[in-house]
Amino acid sequence: MLEKYEKLQKTLDFLQKRMTIKPQTAIVLGSGLGGLTKSMEIVDEIPYAEIPNFPVSTVKGHKGTLIFGRIHGVDVVVLNGRFHYYEGYPMETVTYPEMVFAGLGVKTLILSNAAGGMNPTFKVGDIMVIRDHINFFGTNPLLGPNDDNLGPRFPNMSEVYSHRLIKLAHQKAKEQNIHLQEGVYIGVTGPCFETPAEYKAYYLLGADAVGMSTVPEAIVGAYRGMEIFALSVITDLGVVGQIMEATHEEVLEAAHSAEPKMIKLIYEMMPEL
Ligand code: HPA
């Protein structure tokens, strides 16, 4: 076995011994979006540092616990604090949680993030369901030797984000009177926010929102055969004429105020995942 999979097996052994529920759904919480943990039923909360071989997060606003619990009657495992490429972690570490989720038997992966909006119809505080992505990280978490037992050498990316779940999101959003945008997310390394020329270039490439996460995790999720659903909270605008001087604090603040809508949407979708 490759050394990296031996390492993963140790993480899985620890969690499998400890788990009292076996969730089929995993949720990754983005910057400023940790509030979901307050409205869920918590069964067990494990600091990353206590999990063998699990990475530890460094960024402000990211706590770093793996939570097992229930939302709207459905068992879930929640990654409360993700690992970003800009923190200096290799892609393998950034996507380690998704490898763990798959190993634990998770079938549905829900990703959330804060993002800058380039689409001129977007406003700060909007929620965008991700229809597709552009990997602009300049690298890929699946580089290197492939274990064919885990996934294909050349994974198909024609429907990374489940059309079924996108449809369900629109239906639930309508019922709940939540204004829901839909679009393409472009993933970049950060840590710089974009220059006006970069926002414009990404929009011309076909992206509606830009952020520093999600794409690597979605790639590994798709590789491991998970059904994926992802939401961006638009925290600042990169629209020509409306470009904001985004700061991390403003991003967290905007994410935080849009959070109740996102939580509501996920809550409503849960029983039909
Ligand atoms: N750019 C990149 N990442 C982001 C942004 C942005 O404007 N806003 C929140 N995350």
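The values are calculated or read from the model by the stated rules, or taken from the named source; none is laboratory data. All values reported here derive from a predicted model rather than from experimental measurement. So basically every Cβ, Gly included, is an ideal-geometry build from the backbone, and we count neighbours across all protein chains shown. Just the protein is used for accessible areas: all its heavy atoms, side chains included, with ligands, DNA and RNA removed. Shrake-Rupley method; radii C 1.70, N 1.55, O 1.52, S 1.80 Å.
Please identify the helices of the chain, taking whole runs of DSSP H, that span at least 20 Å along their own axis as judged from the Cα atoms and have a mean Kyte-Doolittle score of -1.0 or higher. Could you put the intermediate results ahead of the total?
Working: long enough: 3-18 (23 Å, -1.59); 248-269 (29 Å, -0.25).
Counting only whole DSSP H runs, the qualifying helices are 248-269.
Nearest 500 deg cm²/dmol is fine: what mean residue ellipticity at 222 nm does the chain get from its DSSP H runs of n ≥ 4 alone, each adding -39,500 (n - 2.57), divided by its residue count?
Working: 7 runs with 83 residues, N = 273.
For the chain, the value works out to -9500 deg cm²/dmol.
To one decimal place, what orientation-averaged projected area in nm² is obtained for the convex hull of the Cα set of the stretch 193-247? It would help to have the intermediate numbers written out before the result.
Numbers: hull surface 17.6 nm².
Averaged projected hull area, Cα only: 4.4 nm².
Using every pair of alpha-carbon atoms in the stretch 102-206, split the distances into 5 Å bins beginning at 0 and state the percent of pairs per bin, rounded to integers.
Values per bin, smallest distances first: 2, 9, 17, 20, 20, 14, 11, 6, 2, 0.
Per residue, how much accessible surface does the chain expose to a 1.4 Å probe? Answer in Å², no decimals.
With the other protein chains kept in place, the chain gives 44 Å² per residue.
What do you reckon, how do TYR267, TYR202, TYR48 stack up by accessible area (1.4 Å probe), largest on top?
Most to least solvent-accessible, the answer reads TYR267, TYR202, TYR48.
Take the cross-link list LYS123/LYS200; LYS22/LYS172; LYS38/LYS123; LYS107/LYS167 and give me the ones stretching past 21 Å between alpha-carbons.
Check vs 21 Å cut-off fails for LYS22/LYS172; LYS38/LYS123.
Taking the stretch 110-166 on its own, what percent of its Cα-Cα pair distances exceed 14 Å?
Cα-Cα pairs in the stretch 110-166 separated by more than 14 Å: 70 percent.
What Kirkwood hydrodynamic radius, in Å, does the chain give when the mean of 1/r is taken over all pairs of distinct Cα atoms and then inverted?
Values: mean 1/r = 0.0536 Å⁻¹.
Result for the chain stands at 18.6 Å.
Mean 1/r over all different Cα pairs, inverted: what Kirkwood radius does the stretch 62-163 give, in Å?
Kirkwood radius, the stretch 62-163: 16.4 Å.
Treating only the Cα positions of the stretch 155-226 as identical point scatterers, give the base-10 log of I(q)/I(0) from the Debye formula at each q in 0.19 Å⁻¹.
Here log10 of I(q) over I(0) equals -0.95.
Through the Karplus equation 6.51 cos²θ - 1.76 cosθ + 1.60, θ set to phi - 60°, convert the phi angles of the stretch 43-48 into ³J(HN,Hα) values in whole Hz; use x for Gly and Pro.
With the stated coefficients, the stretch 43-48 comes to 9, 7, 10, 10, x, 3 Hz.
Could you list, bin by bin from short to long, the percent of Cα-Cα pairs of the stretch 13-59 in 5 Å steps?
Result returned by the calculation: 4, 14, 24, 30, 20, 8, 0.
Among 97-105, 225-233, 119-127, what's the highest-first ranking by average C-beta atoms within 10 angstrom per residue?
In decreasing order of mean packing, 97-105, 225-233, 119-127 become 225-233, 97-105, 119-127.
To the nearest 10 Å², what's ARG70's accessible area with a 1.4 Å probe?
70 Å²
Apply the Karplus parameterisation 6.51 cos²θ - 1.76 cosθ + 1.60, with θ equal to phi minus 60°, to every residue of the stretch 87-95 and state each ³J(HN,Hα) to the nearest whole Hz, in sequence, with x for glycine and proline.
Taking θ as phi minus 60°, the curve returns 6, x, 6, x, 4, 4, 6, 4, 9 Hz for the stretch 87-95.
In a Gaussian network model over the chain where Cα atoms closer than 10 Å are linked, find which of ASP236, ASP148, ASP44 has the largest mean-square fluctuation.
The residue that fluctuates most here is ASP148.
Counting only protein heavy atoms and a 1.4 Å probe, tell me what percentage of the stretch 152-273's accessible area is made up of carbon and sulfur.
56 percent
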